[in-house]
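A.B. asks: Pasting in a structure now, in structure tokens, and then I'll have a few things to ask.
The values are calculated or read from the model by the stated rules, or taken from the named source; none is laboratory data. Source: prediction; values computed, not measured. Every residue, glycine as well, gets a Cβ built from its backbone with ideal geometry; the counts of neighbours run over all protein chains shown. Each accessible area value is taken on the protein alone, full model and side chains, heavy atoms only, with ligands, DNA and RNA left out. Shrake-Rupley method; radii C 1.70, N 1.55, O 1.52, S 1.80 Å.
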Amino acid sequence: MRPLRNRGPADSWLPVRREVESSGTSVLYAAVADWLPDDLERPGLAAALGRDHKRLLEMNHVPNRSRFVASRLLLKSAAAAVLGAEPDELELAYKPGGRPHLRGVDQLDVSLSHTEELLVVGLTRNGRIGVDAENAGRRMLGLGTERQVCTPYELEAVLAVPRERRNGELVRLWTLKEAYSKAIGQGLRFRFTEFGFTPEDRQVQMLRPDGTPGAGWEWSFHSWLVDDSYMVSAAVYDPGFGGRGPAAAARPLLPVVPDPRLSAR
Amino acid sequence: MTTTVNRAESTEQAVRERIARLEHDLGDLDDPGNPLGADHFLAADGRQHLLPAAERLLDDFGLNAEFVPRELGGRLDRLDVLARVLRAVFRRDAALGLGYGMTSYLAAVVVWADGNEEQRRRTAELLLGGGRMAGAYPEPVPGNDFLHNRLTATRVPGGHRLDGRKEALNNAARVDSLVVFAHTPEAGEDAHTAFLLPGPGAADVDLLPRRRTSGIRGCVIQGLRFSGHRIGADGLLGAEGGGAVLAERAFPVTRSTGPSMALGCADTALRTTVAFARAHRARSRASLRSARTRSALVDAFTDLLVCDCLSLVATRGVHLLPRESRTLSAVVKYLLPTVLTEMVYDLSVVLGSESYATSGSYGMFQKAARDLPMIGLGSAGTAASRGVIIEHLLRATEPGAADGSEGDFGRLFRPHDDDLPSVSPQELTSAAPGDSLLASLPAAVRSARAARGEFAGALGEAADALATELRLLREDCARLAERRPAGGLSPRVYALADRYALIAAGAACLGVWQHGAGPDGGLLADPAWAAMALARIVGRLDRTAVRAPEAGAEHLLAEVLDRFDDARSYDLYATPIGR
Amino acid sequence: MDDNATTSGGTALAVLVEEAARILGRPPGRLEPGQHLQHDLGFDSVMLLQLKGRLEARFPVLREVSLPDLLLGVHTLGALAGRLERTTGLPVA
């Protein structure tokens, strides 16, 4: 799996649909500019955003407003394409801890991240997903953040990395942690010093602070460098109910709900 | 071993004594000297089998009698009680609760619903003698690998022959009796028929390899392949082609009781987390001084109370409102697995790295976190229930509108009331357009507004917010109903079903509070918990609508800690546990 | 839950504004207690971590408090200042 590039509302969703069908999971990214409506006041936007529209009106930070709107439009369009529905037919709602979900559509789990000009969306029919993105060059080293971000085991491992790659390694660990914490609906509530990941050159696994294994085989973790500049990570939970393979692909994600008033006649 | 039972066992006093005996026998989970302590359940989980000592204990207790109706010699006459008793088992080990208990019950329910005299008698005898059962239900759409059922029965002289595979069946190798739903094309294109078979000893039944699961690892889940297996005429359960109706009769019972039992598993997750917070020194980031720890504990307890209110109404609804129980039970099956699973994730922030420990004092937490998602079987497990809610919304386009029969629903909401009519399976499939639970809401909201005391204002406000959500839902349902019927409905109905389920949960909480009021009501009569519960539910509908009262959180936290110290359960019953 | 506490920050507010302004690269005079950390000021999670690190340097007692505890229910600069004052237990000179 690699993140798929989307070039705006007119782009084809076929690659995303195919990936969800074959592996159950897809991560995609797009530029804010490709999804930002020209006019944030246009009447259709309220319908497109639903109850999120109220939040938009409370935002004054312009780049945040843009990312907020663009990311929600991208998420709903991607999910709708995978489900075979219209974006406006889906309601983006939030769990008590703030985690977004498609209300009533638990067969497709979603996650959202944005930074600078980048939007990232994760979709899975296997269970749960969390995604996170950060500029790979963003300075995190030497700001007093390492001690808040890393487990003792990770601190050692980061120091073992050649100096020029150290900051990048810290950004990778950070996005993995955010991705996992978002997948379980916790965001910054989970203390990032309490779980960690394996060093860069290995298959990513979750480790406890002392380096012993953390979450089990039902979790998988991925990191990619996207567009040569962004680190994107995903955490996927799959308890193995069977969201992949030909049998799964034959099962409709959004079965047509028959109108009972028709059969009653 | 055969268990006999008499009428006196159905009184509330007798129920409490029975649960106390089971809790006492199972003992203290945290006692390292207890052969049924946490270490042993964790070790059995690691070895992927059920703890033999626990199975022997449940044999001695005669747990199977809980699944057998009283008139057939068992102890079953109230579904809310069945769930309460099984919670004691789920508190120790969800795999044991399923593998020893629920799996048998899921199959037996079908026999109770439509088996003939002889089949009922034989099944009761088998269970009371310590036997096990399993059921292969029809696969729902969209289904998954665990729900997959490709069995076909065709007519042969003197009965049927069975062919095909059922991919995943708990206890497949060791059951003494099977209830199997098979496609019977000769009875109609989509017709299904239920059969009662002996266990899989025959040469034409193959066991398929064991399936790996991330939770309930003690359960041995295997597939079965039938190759021309003969079923005599006496194996037919109900009428040929009547399988779909028969399954529909079983669902209100299984969907309301199963998730309710699983509350025991979430209860242990919360208790383990409280133990962790209590054990940490004041300046530790996990201690009870941490606001995040306190709110995680309170939110989890609130979620458990919400889930139990809904379970209570749905299990008692099967007795009291049989024609509405199809919808009520679907709400439970739709909502509880998700809420309970997420509740455990929310608690994991308190334990931090200990939330992954597979042994030691807090090892039970990660086990619950892996077990709970298995109980609901993922989104395919909830899809059918969501479909039932959608049907209800289209039938009753004004959900909860007063239908003139605003009767006395008090008994629906009283956890300890032991006077329930027996279940009439035939009524469970004739759905009523009425909606007594939501119809009870206006009166309950009025009571909430008239409440007195410190939290009265918060309760009234949250109740109003819930009433507003019901009004919005009705408007959206009306809009949906205005559209001319087309081939299929807009996926918008999924979101409506979700909102309906949440509002029903809110109405259940408000009802329990309203009818629990009184001098001896204890926690349940206190507006604080109801205000917290409603705020949490309304927050899921609109996160800006209300705020939970801060003092209410302190109130509930005190209850959480009291129950921890007294070893009482985290549900509506505050059952003494493990002593 | 602390959003009403916008006026209780006192001098903790001054320190907070100073550090926040440094991270944002803005003059402190442009920051106000009522501003929403995320919606108005554009704080993201890395910036919040950074802020916590800087505040720890000013108030070592904050090392005992996790970032999520510091931020629980806090949305505005003023509310965070109020939380800081209560957490540090010191009037800030």
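A.B. asks: From a point 7 Å beyond the Cα of B:T468 in the direction of its Cβ, which residues of region B:543-579 have a backbone N at a distance under 13 Å?
C.D. replies: So the set is B:543-547.
A.B. asks: Can you tell me what share of the DSSP beta bridges in the protein assembly as shown is antiparallel? A percent to the nearest 5 is fine.
C.D. replies: 90 percent
A.B. asks: In peptide B:357-368, what is the residue-averaged number of other protein chain Cβ atoms found within 10 Å of each Cβ?
C.D. replies: Average per residue, whole number: 1.
A.B. asks: For region B:7-131, go through all pairs of different Cα atoms, get the mean of 1/r, take its inverse, and jot down that Kirkwood value in Å.
C.D. replies: Result for region B:7-131 stands at 15.1 Å.
A.B. asks: Right, here's the next one. Work out Dmax and Rg for region A:119-165 from the C-alpha atoms and quote the Rg first, both in angstrom.
C.D. replies: Reported Rg and Dmax, both Å: 14.6, 40.
A.B. asks: Ignoring everything but the protein chains, give the 1.4 Å probe accessible area of A:M1 in square angstrom, nearest 10.
C.D. replies: 90 Å²
A.B. asks: Can you bin region B:260-332 into rounded, prolate or oblate? Criterion: square roots of the alpha carbon gyration tensor eigenvalues sorted a ≥ b ≥ c, rounded for a/c under 1.5, prolate for a/b above b/c, oblate for the rest.
C.D. replies: It is prolate, given that a/c is not under 1.5 and a/b is the larger ratio.
A.B. asks: For the cross-link pairs A:K54/A:K95; A:K95/B:K166; A:K182/C:K52; B:K367/C:K52; B:K166/B:K333; A:K177/B:K333, which exceed 25 Å when the distance is taken from alpha carbon to alpha carbon?
C.D. replies: Too far apart for the 25 Å limit: A:K95/B:K166; B:K367/C:K52; A:K177/B:K333.
A.B. asks: Expressed as a whole percentage, what fraction of the accessible surface of region B:42-170 belongs to carbon and sulfur atoms when a 1.4 Å probe is rolled over the protein heavy atoms?
C.D. replies: 51 percent
A.B. asks: Report Rg(Cα)/(2.2 N^0.38 Å) for region A:1-77, keeping two decimals.
C.D. replies: For region A:1-77, the normalised Cα radius of gyration is 1.21.
A.B. asks: Dividing the alpha-carbon Rg of region A:129-243 by 2.2 N^0.38 Å yields what?
C.D. replies: Rg over 2.2 N^0.38 Å, computed on Cα atoms: 1.01.
A.B. asks: In addition: For B:D476, tell me the accessible area in Å² from a 1.4 Å probe, rounded to the nearest 10.
C.D. replies: 40 Å²
A.B. asks: May I pose another question? For the protein assembly as shown, what is the per residue volume of the convex hull drawn over the alpha-carbon atoms, in cubic angstrom?
C.D. replies: Value for the protein assembly as shown: 163 Å³ per residue.
A.B. asks: Just to be sure I understand: with springs between alpha-carbon atoms less than 10 Å apart, which residue in A:R99, A:R163, A:R18 has the highest mean-square fluctuation in the Gaussian network model of chain A?
C.D. replies: Between A:R99, A:R163, A:R18, it is A:R163 that shows the largest mean-square fluctuation.
A.B. asks: Still on this model: Mind giving me the FRET efficiency for A:R202 and B:A279? R0 is 35 Å, r the Cβ-Cβ distance, nearest 0.05 is fine.
C.D. replies: The pair A:R202/B:A279 has a calculated efficiency of 0.55.
A.B. asks: Per residue of the protein assembly as shown, what 222 nm ellipticity follows from adding -39500 (n - 2.57) for every DSSP H run with n ≥ 4, rounded to the nearest 500?
C.D. replies: One gets -15000 deg cm²/dmol as the mean residue ellipticity at 222 nm.
A.B. asks: Can you give the translational diffusion coefficient of chain A in µm²/s, computed by Stokes-Einstein from the Kirkwood radius over Cα pairs at 4 °C and 1.567 mPa s?
C.D. replies: 67 µm²/s
A.B. asks: Given points 7 Å out from each Cα along the Cα-Cβ axis, report the A:A10 to A:D88 separation in nanometres with one decimal.
C.D. replies: Each label point lies 7 Å from its Cα, and together they span 2.1 nm.
A.B. asks: Take B:Q426 and B:A567, extend 7 Å from each Cα along the Cα→Cβ direction, and tell me the distance between the two endpoints in nm.
C.D. replies: Distance between label points: 4.9 nm.
A.B. asks: Using a Gaussian network model of chain A whose springs link C-alpha atoms within less than 10 Å, name the residue from A:G216, A:G144, A:G98 with the highest mean-square fluctuation.
C.D. replies: Sorting by GNM fluctuation, first place goes to A:G144.
A.B. asks: Debye calculation, C-alpha points only, no solvent: report log10 I(q)/I(0) for region C:5-88 at q = 0.13, 0.14 Å⁻¹, in the same order as the q values.
C.D. replies: -0.33, -0.38
A.B. asks: Rounded if a/c is under 1.5, else prolate if a/b is larger than b/c, else oblate: which is region B:60-185, with a ≥ b ≥ c the root eigenvalues of its Cα gyration tensor?
C.D. replies: Here region B:60-185 falls in the oblate category.
A.B. asks: Please work out the FRET efficiency for the pair B:D204 and B:A443, using the Cβ-Cβ distance as r and a Förster radius of 45 Å; give the result to the nearest 0.05.
C.D. replies: According to the calculation, E is roughly 0.15.
A.B. asks: Can you tell me what percent of all Cα-Cα pairs in region B:136-241 are more than 17 Å apart?
C.D. replies: Counting pairs separated by more than 17 Å, the tail of P(r) holds 50 percent.
A.B. asks: Along each principal axis of its Cα atoms, how long is region B:453-579 end to end? Whole angstroms, biggest number first, please.
C.D. replies: So the three principal-axis extents are 59, 34, 25 Å.
A.B. asks: Another one. Run a plain Debye calculation on region B:208-292 (Cα atoms as equal point scatterers, no solvent) and give log10 I(q)/I(0) at q = 0.13, 0.23, 0.25 Å⁻¹, rounded to two decimals, same order as the q list.
C.D. replies: -0.79, -1.11, -1.13
A.B. asks: I need the Kirkwood Rh of region B:311-389: take the reciprocal of the average 1/r across all distinct C-alpha pairs and report it in angstrom.
C.D. replies: Every distinct Cα pair counted, the radius reaches 14.0 Å.
A.B. asks: Sticking with this one: List the residues of region A:98-119 whose backbone N lies under 15 Å from a point placed 7 Å from the Cα of A:M1 along the Cα-to-Cβ direction.
C.D. replies: Correct set: A:108-113.
A.B. asks: Per residue, how much accessible area does chain B have with a 1.4 Å probe, in Å²?
C.D. replies: So chain B comes to 34 Å² accessible per residue, rounded to a whole number.
A.B. asks: While we're on this one: Just check chain B against the gyration tensor rule for me: Cα atoms, a ≥ b ≥ c as the square roots of the eigenvalues, rounded for a/c under 1.5, and otherwise prolate or oblate depending on whether a/b exceeds b/c.
C.D. replies: oblate
A.B. asks: Please build a GNM for chain A, connecting alpha carbons under 10 Å apart, and tell me which residue among A:F195, A:F68, A:F241 fluctuates the most.
C.D. replies: A:F241
A.B. asks: Tell me, what is the FRET efficiency for C:R30 and B:E550 to the nearest 0.05, using R0 = 30 angstrom and their Cβ-Cβ distance as r?
C.D. replies: 0.40
A.B. asks: Sequence gap at least 6, Cα distance under 8 Å: using those rules, report the relative contact order of chain B to the nearest whole percent.
C.D. replies: With pairs under 8 Å counted, the relative contact order is 15 percent.
A.B. asks: If you consider only alpha-carbon coordinates, what radius of gyration and Dmax does region A:146-212 have, in Å?
C.D. replies: Taking only Cα atoms of region A:146-212, I get Rg and Dmax of 11.2, 34 Å.
A.B. asks: Return the distance in nm (one decimal) between the two label points of a simple spin-label model at B:D30 and B:R212, each offset 7 Å from Cα along Cα→Cβ.
C.D. replies: So the label points at B:D30 and B:R212 sit 3.5 nm apart.
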